[in-house]
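Q: Just dropping this structure here.
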Amino acid sequence: MDVSRDITAKPVDERSRVLRKQKETSLYLKQLIEQGENIQQVHLPEDTNWKVQEQDEEEDLPHSGLESDPALTSYRNQFLGQDHQNYKGVDPTLGIIIISVLNTTTGEGQKLAQLIIRLSTGSLIESFQADDVIEVEDTESVLNLAKIVCPELMVEQLELLISPDMENIIVEYDDKIYENELRRSYKFGVLYQEVGQVEEAEIFGNIGHSEQFENFISTLGEKVSTDNGRDYIRTIFQDYSLKFHVSTLLPHSSSDNQQCKRKARIGNDVVCIVFQSGKTTFSPEIITSQFLHVYIGRFSTKII
């Protein structure tokens, strides 16, 4: 079962609306489970931009194509033409990194800091609530936020980039990488949902997983172990490279209830597989992400 979002819908007070609906949906799903009513694999509220496509449907849903890395298009679409800053740092292992920072404010006055982090291994984008705007000279705050998204960073200082041609250079870089990756490389998220789990923190907080889930991810490809513990699954399909960010293979933090590091990886993917360990229900409204547009539901089945 596939669940996709109408990305043409215009957000209204996006963050507050999403968080409110996330809480309401989680509470409703919990009530359904407690009441023992007929539980569907996917539940959608009446007021939603999501739609469900059953596996046996032949309808062709309109889409804009898979995106290999949404962070590569965000600078052109959101940062360009706005007052923002670009910084350069040098990591002893990852080499040169480029960070773009945009301060924004929601309709309710909540200040947000949006970061795009460009590494030799790929680009990431993340938003953070802020008590105040990040000043141009406050490179320490920028670096601290970047290390929340990428804990493996060992950069000690950042340099403000003030060249008048810098914006054009960054746009050209993002466009070129995006064009190359789109041709040959795709990334997917994979979430493991236990029976009864109806909150984002519960799903991202799973430490282990079932034998059925282990069998399932083994069908996706081979497991790749990394020095920083960010294991993933990879495979080659025809001439395409497929990479799967599996929630329970990513590092778990005992001090971070929201598991921001895991979410930073999976939340930057466009398509996410939700493996349900048993008869339970999932709603895309309980996951907050700017870039996840398609969820694929997968029931647990015993593989002999």
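The values are calculated or read from the model by the stated rules, or taken from the named source; none is laboratory data. Here the structure is a predicted model, which is why all the values come from computation and not from measurement. Each accessible area value is taken on the protein alone, full model and side chains, heavy atoms only, with ligands, DNA and RNA left out. Shrake-Rupley method; radii C 1.70, N 1.55, O 1.52, S 1.80 Å.
Q: Just for the chain, what percent of DSSP beta bridges are antiparallel, to the closest 5?
A: 70 percent
Q: If only Cα atoms are counted, what is the Rg of the chain, and what is its Dmax, in Å?
A: Rg and Dmax of the chain, Cα atoms, are 19.7, 62 Å.
Q: While we're looking at this one, here's another question. With 22 Å as the cut-off, how large is the P(r) tail for region 230-304, expressed as percent of Cα-Cα pairs?
A: Cα-Cα pairs of region 230-304 separated by over 22 Å account for 31 percent.
Q: Continuing with the same structure: Any idea of the accessible area per residue across the chain, 1.4 Å probe, to the nearest Å²?
A: 54 Å²
Q: What is the percent carbon and sulfur in the accessible area of region 61-195, measuring with a 1.4 Å probe over the protein chains and ignoring ligands?
A: Answer for region 61-195 is 48 percent, counting heavy atoms of protein chains only.
Q: From the mean inverse distance of alpha carbon pairs (Kirkwood) and the Cα radius of gyration, derive Rg over Rh for region 87-211.
A: Here Rg/Rh amounts to 1.03.
Q: Considering the convex hull of the alpha carbon atoms of region 208-250, report its projected area averaged over all viewing directions, in nm², one decimal.
A: So the mean shadow area of the Cα hull is 3.1 nm².
Q: Taking N as the number of residues in region 152-304, what value does Rg over Cα atoms divided by 2.2 N^0.38 Å take?
A: Dividing the Cα Rg of region 152-304 by 2.2 N^0.38 Å gives 1.19.
Q: Would you tell me the accessible area of LEU292, worked out with a 1.4 angstrom probe on the heavy atoms of the protein chains, in Å² to the nearest 10?
A: Probe radius 1.4 Å; accessible area of LEU292 about 0 Å².
Q: Going down the table (LYS51/LYS147; LYS21/LYS263; LYS111/LYS243), which pairs top 24 Å between alpha carbons?
A: Distance filter (> 24 Å) returns LYS51/LYS147; LYS111/LYS243.
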